[in-house]
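For reference, the structure is listed below as structure tokens.
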Amino acid sequence: MNDHLNATAQHKENCGSMGGESFTEEQEALVVKSWNVMKKNAGEWGLKFFIKIFEIAPSAQKLFSFLKDSNVPLEQNPKLKPHAKSVFVMTCEAAVQLRKAGKVVIRDSSLKKIGGVHFKYGVVDEHFEVTKYALLETIKEAAGEMWSAEMKNAWSVAYDQLVAAIKTEMKP
């Protein structure tokens, strides 16, 4: 519990001067509004999100055991869509609950487990940056007309706090 609070406090301290302070009510509203639009097609948006990651960084496919020996196009891989949907939903739900909880909350899976898996597969800062870019591009596409600089910033703050919480658990 304290780890999460420390990670959030550390993140606020690190990002305070860059405007990445705490998650505001306005930011929460923008995240909730856009998540409500994406939620019903979370599987499709999750798949688009992962396809974008692999377009930007094809080598990222090596991080997923179920893609190593796959000889079908990515969007047809039977394990990619369920995985992509669960990651997308977890990321968005964590963002939606950030302000209410005051920290990153993940259901169905512990931060320790997620951190451990990311550590085991050698995930580094660049991977998180590519993922952030792909996530923001996916949400921009899904949000359509409602997309704005403020919405982009809200999702950025939420994602950065999630990553900070995961990184505190990235150990063997």
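Tabulated data
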{"quantity": "Translational diffusion coefficient (Stokes-Einstein; Kirkwood radius from C-alpha pairs) of the stretch 54-112 at 37 °C, 0.692 mPa s, in µm²/s", "calculated": "246 µm²/s"}
{"quantity": "Estimated inter-spin distance, residue 70 and residue 29, nm [label 7 Å along Cα→Cβ]", "calculated": "4.0 nm"}
{"quantity": "Percent of C-alpha pairs per 5 Å bin, the chain, short to long", "calculated": "1, 8, 17, 22, 22, 16, 9, 3, 1, 0"}
{"quantity": "The stretch 21-60: C-alpha gyration tensor shape, a/c 1.5 cut-off, then a/b vs b/c", "calculated": "oblate"}
{"quantity": "Largest-first principal axis extents, alpha carbons of the stretch 93-172, Å", "calculated": "43, 28, 18"}
{"quantity": "Ellipticity estimate at 222 nm from DSSP helix runs (n ≥ 4, -39,500 (n - 2.57)) divided over the chain, nearest 500", "calculated": "-22500 deg cm²/dmol"}
{"quantity": "Residues of type lysines that residue 167 reaches as a straight line, Cα spacing below 18 Å, ignoring anything fewer than 8 places off in the same chain", "calculated": "12, 103, 112, 113, 120, 132"}
{"quantity": "Residue range of the chain that is longest and free of trypsin sites (Lys or Arg not before Pro) which are both DSSP loop and sparsely packed (at most 16 other C-beta within 10 Å)", "calculated": "1-78"}
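Read-outs: derived from the displayed coordinates by stated rules, not from any lab. Just so it is clear, the model here is predicted, and its values are computed rather than measured. No Cβ is skipped: glycine too gets one built from the backbone with ideal geometry, and neighbour counts run over all protein chains shown.
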